[in-house]
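A.B. asks: The structure is given below, and queries will be raised subsequently.
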Amino acid sequence: MAMRQGVTCTWRKSSYSGGTGACLEVLIPVRDGLAVRDSKAPAGPRLGFGADAWSAFLAELDDRAFTLC
C-alpha cells in the first residue's frame, strides 16, 4: 500500500484500490501505530496495529508469503 508516513486526522484509502469495493482505509493517529477499516463499513470494526507489527505485515506481503484465495 502506498501511503505517506506521518500523522493524519482522516481515513485514507489505499492508492491500490481498484474500484472493486474491496478497499482498505488507514488512519495513522500517532507515529507508533495505526488503524485499518473496511471502506464499505466505516462505522464497523477497526483493527489497531503497532508500527513494528504493520511493517512486518507489509514486508510479508512484499515477499508474497500469503496465499490469496
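A.B. asks: Summing Lys, Arg as +1 and Asp, Glu as -1, what charge do residues with Cβ under 11 Å from the Cβ of CYS23 carry, CYS23 excluded?
C.D. replies: With Lys, Arg at +1 and Asp, Glu at -1, the neighbours total +2.
A.B. asks: Taking the Cβ of SER55 as the centre, find all other residues whose Cβ is under 12 Å away and add up their charges (Lys, Arg: +1; Asp, Glu: -1).
C.D. replies: So the environment of SER55 carries a net charge of -4.
A.B. asks: Could you give the length gained by full extension between SER55 and ALA22, i.e. 0.36 nm per residue of separation minus their alpha carbon distance, to one decimal place?
C.D. replies: Length difference between fully extended and current span is 9.7 nm.
A.B. asks: With only alpha-carbon atoms counted, please give the Rg and Dmax of the stretch 12-62, in Å.
C.D. replies: 11.4, 31
Read-outs throughout are calculated quantities, based only on the coordinates presented, and are distinct from any laboratory measurement. As the structure is a computational prediction, the values presented were derived from the model and not from experiment. Positions of Cβ are generated from backbone atoms using ideal geometry, with glycine treated the same way; all protein chains shown enter the neighbour counts.
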